[in-house]
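> Handing you a structure now.
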Amino acid sequence: MQGNNRMTVFVFVIFFVMLVVLHYIGAIGWVERTGLRIINPLIHVVYKQNVKIRTLTETFSSTQELVARLEELQSRVNQLEHLEATSAVLLVENEELKKQLNFFRQHENYRWVTCNVVGETIEERTSGVILDCGTRDAIAVGQAVVAGEGVLVGKVVEANEVSSVVRLLNDSKSRVAVSVLNKDRSIGIAEGGFGISVQVTHIPQSEELSEGNTVITSGLEEYMPRGLVVGSLETITRESYQPFQRGVIRVPLDYQKLIIVSVVTVDAL
Amino acid sequence: MMYSIVRAVGIIALVLISTVIFISQKTLLNFPYNQIHVIFIILTFLLFFAPLSASMWYSVIVAFILELYALTPFGVLTFALVASAIIGHMVFQRFLTNFSFISLATTLLIILVSNRVILLFLSVLVSGTFADVSLFFELVHVSWEFVMSTGVLFLVYFLVRHFYRLARPEYVRR
C-alpha cells in the first residue's frame, strides 16, 4: 500500500472510531435524524411502488397452485360484484337520505319519520307503495309523504302498527289541495291520472296559469303542511265552455324508483 | 476545488441511489434477483476507477445510513464495509493490477466474502454464540450474491469500458 493510501486508511479508521463513539454518546443524533429525514421519503416512495407492484404480480410454483388461485379469485370477483351492487344501492339511498335531511334541516318546524319503501300495492290501475313504518312510529292516515328535497309523493291512506300504505299522487283516487305559484296564487286540486300523470284542476278560468309555474301544497287539508313541492306545470288546458282550467304537472321524481321516503308528522302544521 | 465539489456531489448521489435501491430491492425483487448487491458493485468500480478516499467516503456514508435501518449494533456494518473496501483495495493494488473484467469480478468476490466473514465474526463476537450461524446458509447466500452481482457487473463493465478510456484492459495507470 502506498504512503498516501496508508494515510487515507489511517484517517478513516480514526474517523470510524470517532463515529462509533459519537454515536454511543449521542453527539451525532442530529446527523442521524437528518439522514433519516432525507432517506425515509425516498424509501417510502419506492416502497409504495413496490407494494403496488407486489399486489399486481404473483408467482406460482405449480399449475395446481395457479388454478387454485384462479378459483379463489373468481370467488372473490363474485363477492365483489355482489358488494358493488350493494354499494350502488347504498349510494343511491345515501344520496336520497341526504336530500331529505337537507330539506328537513331547512324546515325545523317539521317533524318526520324516515321509512323504507318495501313494495308496491298489488292492485292493478292503482299507484301506491308500502312503507316499513306504521303507527308505532307515529304514522297516521292522511300524513304527507315526501322524497328528495321536500317533494310530495303521496299521502298515507292506511297505517297499521308496523307498516303503512301510501297512495301516490298519480293514483286515480289521489286528491291533494295545492297552490300554484303564479301571480294569483291560484288554489286548486292535484289529481292523479291513472297512474301515469298528475293534473291540477279546479282553477278558475279567470286566473292566469303559465307553463313552468311551480305547484306546491296549499296546506288547506288536515295533516298536509303548506309548501311541499308537487311539481311544475307542463301544459295548460282551457276550454271556454268549462268553468275551470286544468294543467298537467311534471313531477320531479320517478315514483317507480322510490326507495326511501319521509312521512311528515302533524307537528309541521 | 471545483473537482472536489463535483466529486462530493457525485459520491452523495451514489450513496443516495445505492442505499435506496439496496433497502428497497429486498421487497421489490424475487429471489435470486434480490441478491444483486448494488453497494458492492459500486464499491468495486470506485476501487478501480477512483482514488481510495472516494471509496472510503462512499463506504462510510453508505454504511452509516444502513446502520440506521439495521438491527445489528451500531458500528458493525460500517466496520465490515470499510474493512472490506480496504481489503479489496489491497488485493487490487498488489495482485490484480489491471482493469480486466476478471480483476473486477475477483475484487467483487473478495469484497463479498471478506464482508461476510467480518460480519459473521462480529456478530459472533457481539452475541457470544455460534448458535445463529449457519455456514451452509452463508455459503449459499454469498454464492448467489456473487453470481447475480457479477452478472450486473459484467453488463456495467462493458458499458463503462466502451465509454471510459481508463476502463480498457490495455490501459495501465501510472
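> Among the residues of the stretch B:46-66 satisfying the criterion of being surrounded by fewer than 21 Cβ atoms within 10 Å (Cβ to Cβ) and assigned to a helix (DSSP H, G or I), which is nearest to the other protein chains (Cβ to nearest Cβ)?
Taking the stretch B:46-66 and keeping what is surrounded by fewer than 21 Cβ atoms within 10 Å (Cβ to Cβ), we get B:49-51, B:53-54, B:60-61, B:66.
Filter once more, so that each one left must be assigned to a helix (DSSP H, G or I): B:49, B:53-54, B:60-61, B:66.
Working: B:Phe49: 15, B:Ser53: 5, B:Ala54: 10, B:Val60: 7, B:Ile61: 9, B:Leu66: 10 Å.
Restricting to residues being surrounded by fewer than 21 Cβ atoms within 10 Å (Cβ to Cβ) and assigned to a helix (DSSP H, G or I), the top hit is B:Ser53.
> Which numbered condition in (1) touching a strand residue (DSSP E or B) at 6+ places or on another chain (Cβ under 6 Å); (2) of a type in the set (S, T, N, Q); (3) more than 28 Å from A:Lys98 (Cβ to Cβ) is the only one that A:Ser240 fails?
Failed condition: (1).
> Among residues belonging to the stretch B:92-129 that are crowded, with 19+ Cβ neighbours inside 10 Å and within 14 Å of another protein chain (Cβ to nearest Cβ), point out the one that is farthest from B:Leu81 (Cα to Cα).
B:Phe92
> So which residues in the stretch B:28-45 are under 22 Å from B:Gln93 (Cβ atoms) and within 11 Å of chain A (Cβ to nearest Cβ), if there are any at all?
Within the stretch B:28-45, no residue meets the criteria.
> On to the next question. Going through the stretch A:18-32 one residue at a time, which ones are of a type outside the set (A, V, I, L, M, F, W, C) and either farther than 15 Å from B:Ala63 by Cα or in a loop (DSSP other than H, G, I, E, B) (or both)?
Step one: list which residues in the stretch A:18-32 are of a type outside the set (A, V, I, L, M, F, W, C), which gives A:23-24, A:26, A:29, A:32.
Correct list: A:Tyr24, A:Gly26, A:Gly29.
None of the figures in this text is laboratory data; all of them are computed from the coordinates on show. Keep in mind it's a predicted model, so treat the numbers as computed, not measured. Positions of Cβ are generated from backbone atoms using ideal geometry, with glycine treated the same way; all protein chains shown enter the neighbour counts.
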